[in-house]
Amino acid sequence: MSLILRRLELGDEEQVRAAINEFAAEGGHWSYRYRPDLPWADYVDLVHGWEHGIDLPDGFVEHAELVAVADGDIVGRTSVRFVINDFLRTIGGHIGYAVRPRFRRRGHATEILRQSLDVARAHDISPVLVTCDVDNVGSRRVIEANGGVLEGIFDAEPGLPQKRRYWIS
C-alpha cells in the first residue's frame, strides 16, 4: 500500500463529496467544519488558512486538514492540531483521523496516524495526545500500534462516550 497525506486540492471535490455522503449514511461526518455553502475553491482556501490560524471556526486551533490518498483514491483524512485547547486536551487530542467506510480494514488508519505523527513532530509537538471512544476497538488498536500509551479513560461531555487518552512520544 502506498498512502500519502497531502493538503486538500481543487481536484478533490468529487471524492470529498462522496466521502461526506458515505460518512453521513452511517450517521457520522467527514469533517467537523465542512462548508457546503462555499464554492469548492473558497473552501479549499479556507482549509489551507486554518494552518495559519486564519478564519478559524470558534473553538478551533491552528491545524492542518490533510487527505489520505492511496492508489489515486482519497481513503481518509486527518486533522493535525498544532496546539490544543481545553476541549482538545479532554476529548480530541492533537490528531483526529478517519477512514472512509468502504476503505476500512486495510491498514489505512494505522498509516494515516503514523504519517500524522510525522507531521506533528515536524511542528515540534511531542508527546502527542490521541484519543478514541472507549468502545472503538479499531482505533484503540491503531493508536497502540503507533506506540500509544494509555493514560486512562475519561468522561467526555454529557451525551458523548467516554474517551481513552493515549500519549505517543
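The values are calculated or read from the model by the stated rules, or taken from the named source; none is laboratory data. Since this is a predicted model, take the numbers as computed values, not measurements. Neighbour counts run over all protein chains shown; Cβ positions are idealised from the backbone, glycine included. In case anyone asks, the SASA skips ligands and DNA or RNA and just uses the protein heavy atoms, side chains included. Shrake-Rupley method; radii C 1.70, N 1.55, O 1.52, S 1.80 Å.
Which net charge results when you count Lys and Arg as +1 and Asp and Glu as -1 among the other residues whose beta-carbon is under 13 Å from that of Gly28?
0
Within the chain, what whole-number % of the accessible surface is contributed by carbon and sulfur, with the 1.4 Å probe and all protein chains included in the calculation?
Of the solvent-accessible surface of the chain, carbon and sulfur hold 49 percent.
Find the centroid of the Cα atoms in segment 1-73 and in segment 108-169, then give the distance between the two in whole Å.
20 Å
Restricting to DSSP H runs of at least four residues, report the calculated mean residue ellipticity at 222 nm for the chain, -39500 (n - 2.57) per run over all residues, nearest 500 deg cm²/dmol.
Helix contribution divided over all residues of the chain: -9000 deg cm²/dmol.
Provide the descending list of Cα extents for segment 71-166 along its principal axes, expressed in whole angstroms.
Computed over the Cα atoms, the extents are 39, 30, 21 Å.
Which value does Rg/Rh take for the chain over its C-alpha atoms, Rh per Kirkwood?
0.93
Could you pull out every residue, at least 5 positions away or on a different chain, whose amide H is within less than 5 Å of the one on Leu8? Hs are placed 1.01 Å off N in the peptide plane, and Pro or chain starts have none.
Distant-sequence amide H within range of Leu8: Val67.
Can you tell me which of Trp40, Trp50, Trp30 moves the most in a GNM of the chain? Springs connect C-alpha atoms under 10 Å apart.
So, out of Trp40, Trp50, Trp30, the one fluctuating most is Trp40.
Please label the shape of segment 1-90 as rounded, prolate or oblate, based on the square roots a ≥ b ≥ c of the eigenvalues of the alpha-carbon gyration tensor (a/c under 1.5 means rounded; beyond that, a/b larger than b/c means prolate, else oblate).
In terms of gyration-tensor shape, rounded.
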